[in-house]
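Here is the structure we will look at, set down as structure tokens.
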Amino acid sequence: MHSQFTAEPSSNDTVDRDPTVGDVPEPWSPASGANRAPLMFDVIIAGCGPTGAMLAAELRLHDVRVLVLEKETEPASFVRIVALHIRSLELMAMRGLLDRILQHGRQRPAGGFFAAITKPAPKDLDSAHAYLLGIPQPVINHLLEEHATDLGAQIRHGCAVAGFEQDDEGVTVELANGEQVRSRYLIGCDGGRSTVRKLLGVGFLGEPSRTETLMGEMEVGVPRDEIAARMAENHETHKRFWLRPFGEGVYSVVVPAAGVGDRAEPPNLEDFKQQLRAIAGTDFGVHSPRWLSRFGDATLLAERYRVGRVLLAGDAAHIHPPTGGQGLNLGVQDAFNLGWKLAAQIRGWAPETLLDTYHAERHPVAENVLDNTRAQMELLSTEPGPQAVRRLLTELMDFDEVNRRLIEKITAIDIRYDFGEGPDLLGRRLRDIDVQQGHLYGLLHRGRGLLLDRTERLTAGDWSDRVDCLADPNALLDLPSVLLRPDGHVAWIGDDQHDLDDHLSRWFGKAVS
Ligand SMILES: Cc1cc2nc3c(=O)[nH]c(=O)nc-3n(C[C@H](O)[C@H](O)[C@H](O)COP(=O)(O)OP(=O)(O)OC[C@H]3O[C@@H](n4cnc5c(N)ncnc54)[C@H](O)[C@@H]3O)c2cc1C
């Protein structure tokens with residue numbers, strides 16, 4: 001399959017608007033050239049995993065017409081518990097989703113997950129949501145999809161993207177069934193084996209899988225005490241298998257695979273038994289599997305996140321081993337960074353380089369995550385050298401600063417985008433703080449910029465169609481005023497209106513007077 005197909009002439013040259021989608025921001029011109037289908041959507045998203053669903057919702061906050069194409073007809077059958085980390089929890093709070101999500105997960109202290117080195121959570125982490133939330137991935141996927149649909153995104157299941165062709169005005173997307181749909185932009189959120197990335201020809205650079213791990217849920221044929229004793233012993237010897245009770249006699253089983261295989265093919269129960277016998281000395285009588293899967297330790301990063309009108313986000317742009325539980329978090333945060341920028345581009349007010357700041361900001365963040373997972377994988381090795389480094393790091397993590405630094409890295413609250421010279425907070429996210437109306441994050445639900453003005457002299461003026469203004473001299477902030485982007489990062493700090501206007505125009509485009 002290749003992306004260079006010719007779009008069929010459309011029998012209908014009017015714009016096909018979806019009635020569930022909000023008002024279109026500007027008059028629509030169908031692609032020039034009589035043989036192109038009309039631009040039916042602003043954005044097509046390939047893949048409705050957490051990244052695609054989050055992006056669709058972010059775009060809908062700005063009335064962008066979104067179609068999400070999802071290959072699968074049904075949600076995944078395997079129930080993997082994933083960790084949502086501090087920054088993602090903050091983003092959920094910023095969009096009014098956190099309370100709903102908390103009902104479905106279990107809170108744990110935000111510590112002890114760097115290379116599974118057991119240390120208590122560092123003191124005074126700088127967040128109102130300084131914990132980890134364990135939640136089944138199908139549940140978070142469902143909640144984000146529901147959020148996107150509630151906001152008016154159209155999601156079609158059982159529709160795989162098979163090809164596309166981009167031109168000056170848009171992208172014609174071909175589905176596996178031969179149907180064509182056209183939009184202004186296409187975003188590949190279609191996971192690690194992304195069709196969109198492959199068709200774009202963007203390099204996916206790094207290390208392929210060297211090892212694989214089997215993971216599944218099944219019943220066991222030995223008493224619970226015996227498993228607990230073996231797991232305690234396992235902890236001492238650092239053998240990398242794992243049986244954890246999952247309720248009703250079902251165990252979650254993780255064990256290294258015999259080798260690197262075809263991951264499109266799920267493993268079978270015999271693979272698990274064989275590997276448990278080889279590594280643990282017994283297969284624990286495992287039987288009656290609920291689901292079985294395998295994952296690898298490939299560490300790969302897309303060279304570019306954008307080629308013209310096609311962009312990549314989430315696992316489509318980066319994959320790495322699941323150590324530290326960061327992949328879903330990283331993808332959702334990509335979506336948060338991209339959503340408002342792409343919406344600005346479509347609404348016509350984006351400054352010229354705004355969309356390119358997506359790659360400039362997020363590519364280095366992914367590089368960093370890939371690096372920390374490489375380091376963690378080394379620390380999990382059973383070889384004497386890495387084990388010695390692990391012992392040393394374990395000792396060093398008794399220093400609060402070291403422990404804190406590693407947790408801030410994994411939970412993504414250490415990110416500072418390069419917005420130029422300025423105070424340390426410039427480019428960082430602002431934590432949720434108390435303001436007159438309650439919580440700061442409660443004012444960010446609509447995905448707009450926010451001027452938090454403690455001087456009571458400043459105004460968002462001609463940008464007030466995109467930026468809200470909160471004058472609050474008592475806000476719990478040790479600075480005169482800050483301008484927040486819709487993703488909650490600090491774009492400006494100061495007290496001078498001219499300087500503020502310059503920064504409003506840098507991030508929010510031309511003023512509407
Ligand atoms: C064992 C394990 C544990 C993990 N634990 C954690 C954790 O604790 N925390 C964490 O943050 N991350 C964790 N992850 C990683 C996390 O699961 C992924 O990073 C996350 O699912 C990526 O989301 P995504 O939306 O980018 O891609 P995906 O979840 O892969 O979604 C992509 C979607 O695109 C669809 N698709 C594919 N091709 C097409 C096509 N051609 N057309 C249309 N649709 C298509 C797919 O069906 C899928 O629904 C773990 C991963 C593993 C393997």
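Taking the longest Cα principal axis of the chain as reference, the axis of helix 497-508 is set at about 70 degrees. Can you compute the FRET efficiency between ASP400 and ASP99 using 1/(1 + (r/R0)^6), with r the Cβ-Cβ distance and R0 = 30 Å? Round to the nearest 0.05. Computed FRET efficiency for ASP400 and ASP99: 0.45. Look at the dipole of region 212-296 built from charges on Cβ: of VAL286, GLN274, PHE241, the Cα furthest out on the positive end belongs to PHE241. Averaging Cα coordinates gives a centre for region 137-195 and one for region 435-504; these two points are 34 Å apart.
Projection of the Cα convex hull of region 434-508, averaged over all directions and equal to a quarter of that hull's surface, yields 4.3 nm².
What FRET efficiency comes out for ASP462 versus ALA278 if R0 is 45 angstrom and r is the Cβ-Cβ distance? Round to the nearest 0.05.
Computed FRET efficiency for ASP462 and ALA278: 0.05.
For region 383-466, GluC sites (Glu not before Pro) are listed when DSSP marks them as loop and at most 13 other Cβ atoms sit within 10 Å of their Cβ; the list is GLU421, GLU456. Cα centroid separation, region 218-291 to region 61-119: 27 Å. In order along region 457-470, phi translates into HN-Hα couplings of 10, 9, 8, 7, x, 6, 9, 5, 6, 10, 10, 8, 10, 10 Hz, rounded to whole numbers, per the Karplus curve 6.51 cos²θ - 1.76 cosθ + 1.60 with θ = phi - 60° and x for Gly and Pro.
Highest-first packing order for the peptide set 240-252, 141-153 is 141-153, 240-252, based on the mean count of other beta carbon atoms within 10 Å.
Per-residue ellipticity at 222 nm for the chain, helices alone: DSSP H runs ≥ 4 residues times -39500 (n - 2.57), over residue total, nearest 500 deg cm²/dmol?
Numbers: 12 runs with 151 residues, N = 513.
It lands at -9500 deg cm²/dmol.
Note on GLU265 and SER513: their simple-model spin labels are 6.9 nm apart, each label 7 Å out from Cα toward Cβ.
Counting only other residues whose beta carbon sits under 14 Å from that of ILE81, what net charge do I get with K and R as +1, D and E as -1?
Details: positive: ARG80, ARG106, ARG108, ARG244, ARG290; negative: GLU217.
Residues near ILE81 contribute +4 overall.
Between SER293 and THR382, what is the FRET efficiency for a Förster distance of 30 Å, r being their Cβ-Cβ separation, to the nearest 0.05? The pair SER293/THR382 has a calculated efficiency of 0.80. What's the angle, to the nearest 10 degrees (0 to 90), between helix 384-396's Cα axis and the longest principal axis of the chain? Tilt of helix 384-396: around 60 degrees.
For ALA229 and LYS198, the difference between the fully extended length at 0.36 nm per residue and the C-alpha to C-alpha distance is 6.5 nm.
The Cα trace of the chain gives Rg and Dmax of 24.2, 75 Å, the first to one decimal, the second as a whole number.
Angle of helix 224-237 to the longest C-alpha principal axis of the chain, folded into 0 to 90 degrees and rounded to 10: 80°.
Going by average Cβ density within 10 Å per residue, which order do the peptides 216-226, 383-393 take, highest to lowest? If you can, show how the numbers build up before the last one.
Working: 216-226: 15.2, 383-393: 12.4.
Per-residue Cβ counts within 10 Å, averaged per peptide and sorted highest first, yield 216-226, 383-393.
Once you have the Kirkwood Rh of region 208-298 from its Cα pairs, apply Stokes-Einstein at 4 °C and 1.567 mPa s and quote D in µm²/s. Roughly 98 µm²/s, to the nearest whole number.
Could you work out how much longer the chain between SER77 and VAL307 gets when fully extended? Use 0.36 nm per residue separation minus the Cα distance between them, nm to one decimal.
Details: separation 230, 0.36 × 230 = 82.80 nm, distance 3.38 nm.
Result for the pair: 79.4 nm of gain on full extension.
Taken together, the values in this text are just the output of simple stated rules run on the coordinates, not laboratory data. Keep in mind that this is a model prediction, so the values were computed, not measured. Note that we place each Cβ from the backbone using ideal geometry, even for glycine, and neighbour counts take in every protein chain shown.
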